[in-house]
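Have a look at the structure below, then the notes.
Bear in mind that the values in this text are calculations on the coordinates, not laboratory data. Note that the structure is a prediction, hence the values are computed from the model and not measured. Here the Cβ positions follow ideal geometry from the backbone for every residue, glycine too, while neighbour counts run over all protein chains shown.
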Amino acid sequence: MKKFLVLLLVFALLFTLVACSGGGEETGTEEPEEGAEETEETGDLPAIGVTIYKFDDNFMSFVRRAIESNADGLAEIDIQDSQNDQGKQNEHVDMMISRGVKSLAINLVDPQAAATIIEKAEAADLPVIFFNKEPDPADMASYDKAWYVGTNSAESGIMQGQLIVDAWKANPDWDTNGDGKIQYVLLKGEPGHPDAEARTKYAVDTIVEAGIEVEELELQTGMWDSAKGTELMDAWLSKHGDNIEFVIANNDAMALGAINSLRANDYFVGDKFMPVVGVDAIPDALTQIEEGIMVGSVLNDAANQGKATVELALNVANGKDVLDGTSWELDENKAVRVPYLIITLDNIAEAQAAYE
């Protein structure tokens, strides 16, 4: 009996040793293969460090989406939310450089901080693509590995002004007091931002150049923000009431905020109407144009801005010419300019296609 138990114990021990040895061999062969696949799929992709001035900006959320989709399978994107804090953005750049990214793509919080970012990039011999917020040309010229992707800011203002001119002439009943002037309020973006300054100036200049008189009732900054647009419009309606004949907004987010205020004050019901225009042609604004609430917008092509940013950043990360294999061109300020487009109900499909 004792011999039998001893034999059972021996067989049990042998079985355990064989099983453990087999498991170890299986693990030893599978894990390296898994690691090898990982290296093959992602290890050879260049890392690109990207910062967005703040993720919850309506327009920049679409640029961010375009960056992520265009980089898919081509680059490892380290994308950070700077939360509208330049100090935080500087820290993100330092962190990305320490992680060994091959290029930087920077949507500045403060365009005046471009020199600081360039200094960091140059010290690490890293190329940098600024996008959407344009640095000063002198800063761009200071580093041969710095480029910009964005728009011609004046163009958006001119187009918005032309949109207003065409709509005003087509709707003489909008001149509610019959004085031949447009009494307007204007929601301005961030003070000092090139887009805000250019859109504010050129929109009004274009109206005046078309021979239409204007009277500015209010001009205040809404900081690109929908809630601030609502707050300012509430105050202006309380102060000016029906004397306001047109709402001009530097972007769609503020225009949509103004529309929320106008709806709460019984506009867009029956014959009570207020013309509102914006810039960006984001999907929510396109819905308002389709419904006949918003007069129009100017397409700020988020899809192509994101695409161009990735293409340039990827080229320089791989040691290629910045424009290699692309259809883009650089101007005298080393900038790729993505064109704007006036959007009304007549051509709304062109803007909708930009978000497909």
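Fully extending the segment from ASP205 to ARG263 would add 18.0 nm, taking 0.36 nm per residue of separation and subtracting the current Cα-Cα distance.
Would you tally the net charge around ALA167, using a Cβ to Cβ cut-off of less than 13 Å, leaving ALA167 out, and scoring K and R as +1, D and E as -1? Could the numbers behind the result be given before it?
Values: positive: LYS169; negative: ASP166, ASP173, ASP175, GLU245, ASP346.
Once all neighbours under 13 Å are counted, the net charge is -4.
Magnitude of the charge dipole for segment 154-299, about its Cα centre and with charges confined to Cβ atoms of Lys, Arg (+1) and Asp, Glu (-1), is about 120 debye.
Relative to the dominant Cα principal axis of the chain, helix 86-99 is inclined by about 30°. Please give the FRET efficiency for ALA353 paired with LYS320, using the beta carbon to beta carbon distance and R0 = 30 Å, rounded to the nearest 0.05. That pair, ALA353 with LYS320, gives E of 0.50. Rounded to the nearest 20, the Cβ-based charge dipole of the chain about its Cα centre (Lys and Arg +1, Asp and Glu -1) stands at 700 debye. Antiparallel versus total DSSP beta bridges in the chain: what percent is that, nearest 5? Here the share of antiparallel DSSP bridges comes out near 10 percent.
Compared with the dominant principal axis of the Cα atoms in the chain, helix 58-71 is inclined by about 40°. Using a Gaussian network model of the chain in which every pair of alpha carbons under 10 angstrom is joined by a spring, one finds that among LEU312, LEU45, LEU186 the greatest mean-square fluctuation is at LEU45. From the alpha carbon centroid of segment 263-322 to that of segment 80-131 is 26 Å. Taking Cα atoms only, the orientation of helix 2-38 departs from the longest principal axis of the chain by about 40 degrees. Taken one residue at a time, the phi angles of segment 167-173 give Karplus couplings (6.51, -1.76, 1.60, θ = phi - 60°) of 5, 5, 5, 7, 9, x, 6 Hz. Gly and Pro are set to x.
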